[in-house]
Amino acid sequence: MKALWRHYKRRLDLQAKIILVLIAVILPTHILVTLLESQLTAPVLEQEMRQIGINSAKNFAAQIEATHLLQSDKAATILEKRLQEILFLQPSIQQIDIFKKQEKGDFTLLASNIEYDDPRDRDAHLPALDSLDTHYKTEDNGVSVWEIIVPIQHQGRASVGPVLGSVRLEMSLKPVHAISRAFWKITVVAALVNLTLLLFALSFFLRRTINNDRLLKQAETQNEELSNQLREAERQLMLNEKLAVMGQLTASFAHEIGTPLNAVSGHLQLLQEDFKQQQVQKTWTERLDIISGQLLKIEQIVKNFLQSTAKPTSQSQLLDLNQMADRVVSITRPRIDSLGVQVKLDLENGLGPIRAVPLEIEQILVNILNNSLDSIQSKKRSGASGPFVLQLQSRRFSESLREWAEVSVYDTGEGIAKINLKQVFKPFFTTKSVGEGTGLGLAICQEIASKYNGKLLIDSKEGQWTKVSLKIPYRMNA
């Protein structure tokens, strides 16, 4: 309610201010314009009325002279009738007097539209001049008039004759005053009309402006709310991304540690059997060396995990892929033997060393071998019969104007469905049962291979076999 009251109060205050401004501007402007018009037009109109009076008096004097009415015995009667006609046609003429000049030179009133009861009043209107003359005067009733005196003379072709009389005419300036009053009335009406129209127009646009302002404020409020929601969504998204990264790192950490731990577990089991069978000390030493190496690998993985935000130190060195293949077979030997898998090695003698980090290449090959053993184990559980084969092959070849080294792992496990071949390198995608795989192994291997401009290729036939190949180019920078 308070907000609504403030809104309407603001609107009323704004309208009141606009009305006051309009009144303060429009009315004085109209008054000033009207005053200027009156000051400029009134003298012009007065002079026009004077000229009309002069022309009327001259025409009437000419008619009198032309008809020789001053010499007629019935001059007074004829002139008075003529005066009534003139006054009817020209209402602005309020008085006309016709004077005749006597032999003594004085003038006597011959005819008038006004009856003088007192001879003094009549004598007061006798003309003092026998030539054209005009006077501006204001009567007792406040009406201004032009007093015009025009002589009556015989108009010859060559010269003007003597003065026979005169026409005295009073031209009222009431029309001029009426026009001035009309100006004022028109000014007031125009001011009121303009003010009313402007108020209506401004009220209309003011309502639209206020409405637009209200809509703008609503839009700003909504925009602010959306901005807050967006910031909250961004914060939540960043939190979710952090959680996802943490989950991925945790899963990767668990996956990478799980691989050497499985090897350690297998060798410990064999050691236990060796102890029971009292085998020779040399076998114990080999088993313990492998366990020690895998424990060092776990240590290195933990260090890499803790230092994942820092740029790792380059540990590239010349690496023999054939020796690495033998090593990973030894690492996974306990599981190979427990599953009864036949291992075949087809390693090219002239392969030549590549430059890489041994731990990373070992990580790739161990992951590939464990995936092959998982596939064979799954196929064996389903009741399939052997033989179960695991074949490692290495070769050197040329492709795309480059020399490549390749190590491939072939197994006769359950294979991969064709529809899943394009998905196996995606993080967290797995075809294994719940709890048996995280879906990160091949994704991590692909990332490591890309680090060396290498490739990890996979081909498979469902229910029969799978082949995974690691291709790394020669002459890599240290």
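Remarks
- Ranked PHE429, PHE388, PHE397, PHE99, criterion: other C-beta atoms within 10 Å, fewest first: PHE397, PHE429, PHE388, PHE99
- Estimated FRET transfer efficiency when R0 is 22 angstrom, pair VAL193-LEU35 (beta carbons, to 0.05): 0.70
- Between ASN55 and VAL21, the simple spin-label model (points 7 angstrom out along Cα→Cβ) gives 5.0 nm.
- Calculated FRET value between SER400 and SER338, using beta carbons and R₀ = 60 Å, to 0.05: 0.90
- Shown for VAL167, VAL44: other C-beta atoms within 10 Å of each C-beta, ranked fewest to most, produce the order VAL44, VAL167.
Read-outs throughout are calculated quantities, based only on the coordinates presented, and are distinct from any laboratory measurement. Note that the coordinates shown come from a computational prediction; the quantities given were computed from them, not determined experimentally. Cβ: placed from backbone, ideal geometry, glycine included. Neighbour counts: every protein chain shown.
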